[in-house]
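Each remark here refers to the structure printed beneath this line.
The values are calculated or read from the model by the stated rules, or taken from the named source; none is laboratory data. Keep in mind it's a predicted model, so treat the numbers as computed, not measured. When we count neighbours, we look across all protein chains shown, and the Cβ atoms used for this are built from the backbone with ideal geometry, even at glycine. What goes into the accessible areas is simple: the full protein's heavy atoms, side chains included, and nothing from ligands, DNA or RNA. Shrake-Rupley method; radii C 1.70, N 1.55, O 1.52, S 1.80 Å.
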Amino acid sequence: MDNYSEIHFEFTIATAKLDLLIKTAIEIGNRMKGKQFPENSPIYYSEGLGQKIINHILSVRNLLNGYQFSYGEILFAPKLDYSSIFVLTRAALETYLALNYVFIAENNETLKQFRFLCWDLAGYIERKDMTATTEEDKIKKQVEAEAIATIKRELAENPIFKLLEQHDQKKALKGEWRLNFKWHDLAMKAGFSEAFFRQQYKFLCCYAHASRLSVIQIQQNKTIEQQKEMVISAIDTLLMVLAKHMYDYIEIMPELKEIKNDMTKYQIILNYKYIGDNFLQPNKKN
């Protein structure tokens with residue numbers, strides 16, 4: 001098998017694996033069809049974060065089809081926009097880490113509530129300095145200002161908040177919802193190895209931040225074969241992210257617990273979650 005055939009085979013297999021996991025995730029998600037959650041509740045927002053992960057992954061799947069642009073009578077070479085795939089992969093990974101950190105990682109309900117309040121407050125603070133241009137926006141801004149005040153009062157009464165050093169309390173009230181945790185800390189809490197996350201995340205950030213490395217690679221990888229080779233690692237990362245997300249989703253939704261008895265679907269999730277939990281972990285065999 002020549003190099004092109006080998007790359008094409010690996011790309012095709014990786015894409016087929018992603019298709020199967022996406023299909024499984026959609027079939028499981030459809031069991032929640034019609035289920036309504038109280039608006040602004042933690043479970044409501046956890047569902048929204050899950051939708052964000054799925055949306056990013058479905059967008060990646062669409063990009064994996066590639067395209068061939070034409071202009072008039074000019075037909076350009078086939079392309080696979082792997083730089084956008086890397087940006088979306090990073091977004092899906094970060095979204096999963098936020099979901100896991102806020103809603104999954106801890107069993108202590110007081111700590112969960114504290115983390116949710118910090119994250120919820122951050123969302124309001126991010127928008128409070130934006131200029132309101134319509135009457136509707138001005139009303140919404142006033143409502144959200146009241147929400148900020150309410151959440152800050154709730155935070156002040158939270159036992160976890162009361163135990164924080166004063167400078168950390170200030171961080172929480174300013175909307176710094178991760179406090180002193182970095183993204184690699186959240187990754188380790190979610191079960192990824194620090195070595196894997198630091199290596200993969202740093203690379204993905206190069207494309208999100210338009211670094212020199214990303215520019216060089218875009219200029220060098222001209223052929224569709226080179227572009228397919230580039231995305232295989234991103235597909236592997238998304239397989240781990242989606243599997244770990246679906247595992248968590250089943251855990252927090254009582255209506256889905258019976259999925260564990262359907263080993264045809266559940267085993268697929270467990271397989272890729274296991275890879276995510278063990279990939280590049282020290283003292284573990286991959």
TODO: Check segment 55-206 and count each lysine pair with an alpha-carbon distance under 13 angstrom, considering only pairs eight or more places apart or from different chains.
DONE: 10
Open item on the list: On the principal axes of its Cα set, how long, how wide and how thick is segment 1-126? Give whole Å, largest value first.
Closed with: 60, 31, 30
TODO: Treat segment 111-175 as a sphere of radius equal to its Kirkwood radius over Cα pairs and apply Stokes-Einstein at 25 °C in a medium of 0.890 mPa s; give the translational diffusion coefficient in µm²/s, rounded to a whole number.
DONE: 198 µm²/s
Task: Principal axis dimensions, segment 211-286 - Cα atoms, whole angstrom, descending - done: 49, 30, 23
Task: Angstrom value of the Kirkwood radius, inverse mean 1/r, which spans all Cα pairs in segment 52-170 - done: 18.1 Å
TODO: Beta carbons within 10 angstrom, averaged per residue: use that to sort the peptides 32-42, 68-78, highest first.
DONE: 32-42, 68-78
- [ ] Give the carbon-plus-sulfur fraction of the accessible surface of the chain in %, rounded to a whole number; probe 1.4 Å, heavy atoms of protein chains only.
- [x] 53 percent
Task: Accessible surface, per residue, of the chain when the full set of protein chains is kept, probe 1.4 Å, Å² - done: 56 Å²
Task: Nearest-10 value in Å² for the accessible area of His209, using the 1.4 Å probe - done: 120 Å²
Task: Stretchable slack from Phe9 to Lys33, in nm (0.36 nm times residue separation minus alpha-carbon distance) - done: 5.0 nm
Task: Ordering of 232-242, 196-206, 119-129 by packing [mean C-beta count within 10 Å, highest first] - done: 232-242, 196-206, 119-129
- [ ] Measure nothing fancy, just the Cα-based angle from helix 194-208's long axis to the longest principal axis of the chain, in degrees from 0 to 90, nearest 10.
- [x] 80 degrees
- [ ] Mind ranking 182-191, 2-11 by how tightly packed they are, going by the mean number of other C-beta atoms within 10 angstrom, highest first?
- [x] 182-191, 2-11
TODO: Determine how many Å³ per residue the convex hull of the Cα atoms of the chain encloses.
DONE: 202 Å³
Open item on the list: At q = 0.14, 0.17, 0.31 Å⁻¹, what log₁₀ I(q)/I(0) does segment 186-228 have when each alpha carbon counts as one equal point scatterer in the Debye sum?
Closed with: -0.45, -0.60, -0.98
Open item on the list: Quick check of the Kirkwood formula: for segment 1-61, what is the inverse mean of 1/r over all pairs of different Cα atoms, in Å?
Closed with: 13.9 Å
TODO: Please work out, to two decimal places, the log10 of the ratio I(q)/I(0) at q = 0.14 Å⁻¹ from a Debye calculation in which every Cα of segment 164-271 carries one identical scatterer.
DONE: -0.84
TODO: Take the Cβ-Cβ distance between Lys170 and Arg127 as r, set R0 to 22 Å, and report the resulting FRET efficiency rounded to the nearest 0.05.
DONE: 0.65
